[in-house]
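Engineer: Got a structure here, written out as structure tokens. Questions coming.
What follows draws every value from the coordinates through simple rules; no lab data is involved. Everything numeric here is computed off the predicted structure, so don't read it as measured data. We place every Cβ from the backbone using ideal geometry, glycine too, and count neighbours over all the protein chains shown.
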Amino acid sequence: MTVPFAVGPGITRADIPCLCAALADLLRGRPAPGQVICDVSTARPDVVTIEALARLRLTAGRHGWRFNTQGATDDLLTIFSLMGLGGFFFSGRHARGYPPPTPSQRATPHTPETPPTQT
């Protein structure tokens with residue numbers, strides 16, 4: 001079973017609990033497992049949107065559902081990739097021409113070089 005959901009362009013941090021409650025209400029009483037497909041085609045590419053999607057994913061997971069997005073803009077995909085979260089949300093990346101990330105493409109933590117020792 002698939003449940004459609006959408007995140008629009010004008011969300012604020014204060015809206016996130018309401019979005020999560022709306023998703024929980026949609027999923028409550030439905031037989032799990034299923035998949036939530038969240039349309040983000042009009043979502044603003046910013047940190048608030050990313051936080052909202054992360055919390056919506058947690059909400060869906062608590063109800064036994066998978067959470068995927070569709071319609072992401074290149075800017076939103078870039079922000080997710082920069083934050084290391086792209087693979088968690090975008091099952092439709094292949095359809096948009098984005099191959100799945102390989103381990104060598106994932107960001108590795110920067111370790112500062114050891115300063116030379118003085119003798």
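Engineer: Kindly provide the set of residues from the range 1-15 that are exposed (fewer than 10 other Cβ atoms within 10 Å of the Cβ) and among the hydroxyl-bearing types (S, T, Y), ordered by number.
Structural biologist: Matches in the range 1-15: T12 only.
Engineer: For residues that are closer than 16 Å to L58 by Cβ and of a type outside the set (A, V, I, L, M), scanning just the range 16-31, find the one that is surrounded by the most Cβ atoms within 10 Å (Cβ to Cβ).
Structural biologist: C20
Engineer: Name every residue in the range 38-52 that is without any contact (Cβ under 8 Å) to a residue 40 or more places away in the chain, surrounded by 17 or more Cβ atoms within 10 Å (Cβ to Cβ) and within 13 Å of C20 (Cα to Cα), in order of residue number.
Structural biologist: Answer for the range 38-52, where residues must be without any contact (Cβ under 8 Å) to a residue 40 or more places away in the chain, surrounded by 17 or more Cβ atoms within 10 Å (Cβ to Cβ) and within 13 Å of C20 (Cα to Cα): just C38.
Engineer: Looking only at the range 36-62, how many residues end up being in contact with a strand residue (DSSP E or B) (Cβ under 9 Å, 6 or more places away or on another chain) and over 15 Å from A6 (Cβ atoms)?
Structural biologist: 2
Engineer: Could you list all residues from the range 64-74 that are more than 12 Å from the chain's Cα centre (by Cα) and surrounded by 20 or more Cβ atoms within 10 Å (Cβ to Cβ)?
Structural biologist: Within the range 64-74, W65 is the sole residue that qualifies.
Engineer: Quick one: what pairs do we get from the range 53-72, first residue basic (K, R), second crowded, with 21+ Cβ neighbours inside 10 Å, C-beta under 8 Å, 6+ apart or different chains?
Structural biologist: R57/F67; R57/F89; R66/V36; R66/A60
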